[in-house]
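Engineer: For reference, the structure I am asking about is given below.
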Amino acid sequence: KEQNEKLKVTQQEASRLLELAERSRGALLSILEDEQQTSKALARSNRALKMLSSCNEALIWATDEPALLKQICQIAVELGGHKMAWVGYAQDDARRTIVPMGQWGDDLGYLAQVDFTWDPGVPMGQGPAGRCIREGEAMVCGDITDPMWHFQSGEAALLRGYRSVVSLPLRDKNRTFGLICLYSTEVDVIGEAEVRLLQELADDLAFGIGAIRARVVKERFEAELVASLGEKEALLKEVHHRVKNNLQVIASLLRLEGRRIDHPITQSVLREMQGRIQSMALLHETLYRSGNFATVDLAAYLTQLAQQLFRSLTSPAAGVRLVLDLEPARLEIEQAIPCGLIANELASNSLKHGFPDGKTGEVRIQLRAEDEGRQLRLTVSDTGIGLPPNFDPGHKRSLGLQLVSDLARQLQGEFHIGPGPGAVFEVNFLKSRPRTGEINYATLVAKKATEAE
């Protein structure tokens, strides 16, 4: 009896030990399984992180949208371990189709066979891709055979070895405009950490697509702007060329009329008019030859103007020399025209009145920048007989000097007559657009004509 009692106790203890061992074995298996799942999830997260890093690097250098989509899909397959990846754009057509735009991996005609849509009214639109577009959220289909996902192309997918798919939305500020789909050969549930990394990849891709499109629009706009500017420059060049030709025609007609008239005063007036017209024609010629229709090099313009004037009013045997002392200065056309007219009037007066009876000397035109280039001083002087005693330009019946004075005021400048022995005329003005509006030579002439009447 005592031995039986001892045997009974021993059997009970053995049973408890076996039960304890079985429990320990179950716990150990559970721990090993958890560790395996954790290790697998960690590996998948690391894989997704590598994908994200490589995709961001691709986005930095991307310049072409189709090439970028293909490269992102290639990264998803080669680094992410997916069997196939594609990017599609949602259309706003009647069928609400999703058009594949880029792909990489074992497609085997799958994308060409399946008609993707995001229309909720048709069976295909109720799958992961359609829901992803409509809801703007990631759709993680761990098993395409699961009825809850309404995976209509399941047979075609299974034939190609696809068992699970992740659809990630491509979003901008206004809507979900597309998606990226990643197909795998395993039936699996992706963890939240991996989904967050994949969605970050999709968001970065959407940003990159927007940046490329903005760059393309900017480049197209710049190209159109350049083309438009080229057309306008060609038009302006043609306009200035025609204006110059028309002014030269007028000057030629005046020259022809002058040859038919014997009256010396009338001939002198016609020559003065020719000089004024030719000075404006020369400015238009300078503009279309330089190609800069906004500003003109005043020094170069005055040089051509003075040389042209001397050729027309003096002979090679005359003892009057032209001296030019001009500093470079660029002016807008609204200021360059009156400057040319002022120089033409003053230099003409010097040549006509400063050297009678074959007297020799020189006419000097000087241009100086003052006040750190903000102000210009134009001086026309000669070494001739000088101005008459008690000369008063306000009472002098000279259209030329009256126009010079009016043009100086329009330039917001000052007109001075300096001391002898020769004649010295000086105009000081600011190197900027006049605040009182554009200088209108025609208005000045019309005003003088009205006063004369």
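The values are calculated or read from the model by the stated rules, or taken from the named source; none is laboratory data. Small disclaimer: the values here were computed from a predicted structure and weren't measured. Here the Cβ positions follow ideal geometry from the backbone for every residue, glycine too, while neighbour counts run over all protein chains shown. Just the protein is used for accessible areas: all its heavy atoms, side chains included, with ligands, DNA and RNA removed. Shrake-Rupley method; radii C 1.70, N 1.55, O 1.52, S 1.80 Å.
Engineer: Count the net charge of all other residues whose Cβ sits under 13 Å from the Cβ of Val323, scoring Lys and Arg as +1 and Asp and Glu as -1.
Structural biologist: -1
Engineer: Please give me the summed charge of the neighbours of Val77: other residues whose Cβ is under 9 Å from its Cβ, Lys and Arg +1, Asp and Glu -1.
Structural biologist: Result for the local shell: -1.
Engineer: Relative contact order of the stretch 214-280: what whole-number percent is it, with Cα pairs under 8 angstrom and at least 6 residues apart?
Structural biologist: 31 percent
Engineer: In square nanometres, what is one fourth of the surface area of the convex hull spanned by the alpha carbons of the stretch 245-392?
Structural biologist: 10.5 nm²
Engineer: Taking a temperature of 37 °C and a viscosity of 0.692 mPa s, what whole-number D in µm²/s does Stokes-Einstein yield for the stretch 72-224 with Rh from Kirkwood over alpha carbon pairs?
Structural biologist: Answer, rounded: 207 µm²/s.
Engineer: Highest mean first, how do 342-355, 132-145 rank when packing is the count of other Cβ atoms within 10 Å averaged over residues?
Structural biologist: Going from most to least packed, we get 342-355, 132-145.
Engineer: What percent do you get for the relative contact order of the stretch 77-141 when only Cα pairs under 8 Å and 6+ apart count?
Structural biologist: Computed over the stretch 77-141, the figure is 22 percent.
Engineer: May I pose another question? For a 23 Å ceiling on Cα separation, which of these pairs sit above it: Lys50/Lys83; Lys244/Lys431; Lys244/Lys359?
Structural biologist: Table pairs above 23 Å Cα-Cα are Lys244/Lys431; Lys244/Lys359.
Engineer: Right, something else. List, in the order given, every pair from Lys173/Lys232; Lys70/Lys218; Lys70/Lys232 whose Cα-Cα distance in the structure shown is over 32 Å.
Structural biologist: Pairs exceeding the cut-off: Lys173/Lys232; Lys70/Lys232.
Engineer: Hey, another quick one. Rounded to the nearest angstrom and ordered from largest down, what semi-axes does the equivalent ellipsoid of the stretch 272-347 get from its C-alpha gyration tensor (root of 5λ)?
Structural biologist: For the stretch 272-347, the ellipsoid semi-axes come out as 22, 13, 11 Å.
Engineer: Oh, and also: Subtract the Cα-Cα distance of Asp203 and Ala318 from 0.36 nm times their separation in residues, and report this length gain in nm to one decimal.
Structural biologist: 33.1 nm
Engineer: Just the number, please: carbon plus sulfur as a percent of the accessible area of the stretch 66-120, 1.4 Å probe, no ligands or DNA/RNA counted.
Structural biologist: Looking at the stretch 66-120 in its full context, I get 50 percent from C and S.
Engineer: Let me ask you something else. Compute the FRET efficiency between Asp262 and Glu370 as 1/(1 + (r/R0)^6), taking r as their Cβ-Cβ distance and R0 = 51 Å, and round to the nearest 0.05.
Structural biologist: For R0 = 51 Å, the calculated efficiency reads 0.60.
Engineer: Between His150 and Met273, what is the spin-label point distance in nm, taking each point 7 Å from the Cα along the Cα→C-beta axis?
Structural biologist: Calculated label separation equals 8.9 nm.
Engineer: The stretch 164-300: percent of C-alpha pairs farther apart than 20 Å?
Structural biologist: That tail contains 70 percent of the Cα-Cα pairs.
Engineer: With each label point set 7 Å from Cα along the Cα-Cβ vector, what nm distance links Asn245 and Glu192?
Structural biologist: 8.0 nm
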